[in-house]
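Read the structure below first, then the notes.
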Amino acid sequence: MKIFRSMVIFCLATAVVLPAQEKSSAPALFPFTVIRAGTLIDGKSDAPRRDQVIVIRGNRIDGVSDAAAAKIPAGATVIDLSHSTVLPGLIDSHTHIFLQGEDPAQGGYDINILKYPLAFRAARATVSVRRALEQGFTTLRDVETEGAGYGDVGIKMAIEEGYIPGPRLFVSTRAISSTGGYMLEDYAPELDMPKGAQLIDGPVEARKAAREQLDHGADWIKVYMTHRSWVGKDGELVSQPTLTVEELHAIVDETHSWGKKVACHAYGGIGLHRALDGGCDSIEHGLDLDDAAIAQMLRQGTWLCPTLSAYYHDWAPADTPQGQRDRKRVAAHEISFPKALHAGVKIVFGTDMGGISWDEPIAQEFPRMVELGMSPMEAIKSATSRPAEMLDMQGQLGVIAPGAYADIVAATGDPLRDIKVLQSVQFVMKDGKVFKR
Ligand SMILES: [Zn+2]
């Protein structure tokens, strides 16, 4: 999450049943659906292809071919998207479904934890995930519940069991930071306030927190390696480091031994370097990447999830320390992102939705990336095949190819000319089922 103003606010963000062919004596176990795609951007190739036919069997893609050569299975349901651009379901790698872009003037971040029953927050999270799916985001990596405990595990279960519509979720439960490293804060010291993350001190507690979270269903572990930030005496962005390398190393070692990965919130400076030295798998935000950090990310294959959009929201007045900090964050980011991009750092699309209201378009991140030098095709890959690789789902998500899950979206217009068309997808299929048309 990101921190707005003095208080902060976070970092922070079924379906049409296919007609079974039961007329004949041998009902089809896996009904076929066929999509006619006017233009296909498959998530992996460098160029789009015209007039393609996608054959879907059950919840997987069976084949992709030129329309002229395509064999349409008998009895298949045909969906005509021949006037649209068809793409893989999109992936947002940094969301908070349990946050709602709270207005600081209306209680901001703290009100979630201090006033709202957990069931209320869960009900709102069901709206967050539906909003994501409506906008074509068929997969989210949700990077912590902000005081809602293991609520994300429950929402994921409800989606997987078909009770509510939503994207595939990769969840990280409570997140980990250190004492002094997360909200709620600025209350009377006599009060034992609840926190928006699990706070640990020392490698033993760090490892125990990771074990608990993994035991209770975390797909990823989220760690805050920096917390407060301000403008330093030389006009530079300064970020308070949180965990030590030893603490992070215990978490990374434990998490990797479960076959899972660690996402580290880090702006820059000491905390960012500790995140890299400790072996984290993805840097979240990475506002202030120096050359040494970029070189180390390249060496270690570390992912960058920049979440550009979030930092353009809710600036404090320019003549306040917070306002100067808000502007400095964006200024640093606008230097770091192109540097990382041109150096070849692996970049994934992430928004910090939840820090941003779910009423806003998730795809607003695409034009931000393109304005800072990423090609539209690379931006699309950053929300399809690239995060699929980060999530160890290569070939299964983020691509329209045989064997992949049938997560497919379509938009009118050419996103390679105007990436903003992805802010209004009209067709969404997840798992072979049409959710929106
Ligand atoms: Zn966040």
Out of Ala148, Ala119, Ala125, Ala105, report the one residue that is buried (at least 24 other Cβ atoms within 10 Å of the Cβ) and part of a helix (DSSP H, G or I). Ala125
Criterion (open to solvent by less than 30 Å² (accessible area, probe 1.4 Å), among the aromatic types (Phe, Trp, Tyr), closer than 18 Å to Ala175 by Cβ and away from the ligand (no atom under 14 Å from the Cβ)) met by exactly one of Trp258, Trp303: Trp303
Residues of the stretch 142-169 being more than 14 Å from the ligand (Cβ to nearest atom) and within 23 Å of Phe349 (Cα to Cα), in sequence order, are Val153, Ile155, Lys156, Ile159, Pro165, Gly166, Pro167, Arg168, Leu169
Based on this model, can you work out whether Val204 counts as in contact with a strand residue (DSSP E or B) (Cβ under 9 Å, 6 or more places away or on another chain) and of a type in the set (Val, Ile, Thr)? no
When you check Ala275 against the structure, is it touching a Lys or Arg at 6+ places or on another chain (Cβ under 9 Å) and either closer than 23 Å to Ser336 by Cα or within 16 Å of the ligand (Cβ to nearest atom) (or both), yes or no? no
Being part of a helix (DSSP H, G or I), open to solvent by 10 Å² or more (accessible area, probe 1.4 Å), out of contact with any His (no Cβ under 7 Å at 6 or more places or on another chain) and closer than 14 Å to Leu90 by Cβ, is that true of even one residue in the stretch 382-391? yes
If I filter the stretch 306-329 down to residues being more than 16 Å from the ligand (Cβ to nearest atom) and either within 21 Å of Ser93 (Cβ to Cβ) or part of a loop (DSSP other than H, G, I, E, B) (or both), which single residue comes out as least open to solvent (accessible area, probe 1.4 Å)? Ala316
Per-region count, the stretch 48-61, residues over 22 Å from Val421 (Cβ atoms) and open to solvent by 80 Å² or more (accessible area, probe 1.4 Å): 1
Of the residues in the stretch 54-85, those that are within 16 Å of Tyr405 (Cα to Cα) and β-branched (Val, Ile, Thr) come to Ile54, Val55, Ile56, Ile61, Val64
Only one of Ser45, Ser65, Ser82, Ser93 is polar (S, T, N, Q), within 16 Å of the ligand (Cβ to nearest atom) and either modelled with pLDDT of 95 or more or open to solvent by less than 10 Å² (accessible area, probe 1.4 Å) (or both). Can you tell me which? Ser93
Qualifying positions in the stretch 346-379 - assigned to a loop (DSSP other than H, G, I, E, B) and either on the phi > 0 side of the Ramachandran plot or within 16 Å of the ligand (Cβ to nearest atom) (or both): Val348, Phe349, Gly350, Thr351, Asp352, Gly354, Gly355, Ser357, Trp358, Glu360, Gly373
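The values are calculated or read from the model by the stated rules, or taken from the named source; none is laboratory data. This one's a predicted model, so the numbers in the text were calculated from it and none came from an experiment. Neighbour counts are summed over all protein chains in view; Cβ atoms, including those assigned to glycine, are modelled from backbone coordinates with ideal geometry. These area figures cover heavy atoms from the full protein model, side chains too; ligands, DNA and RNA do not enter into them. Shrake-Rupley method; radii C 1.70, N 1.55, O 1.52, S 1.80 Å.
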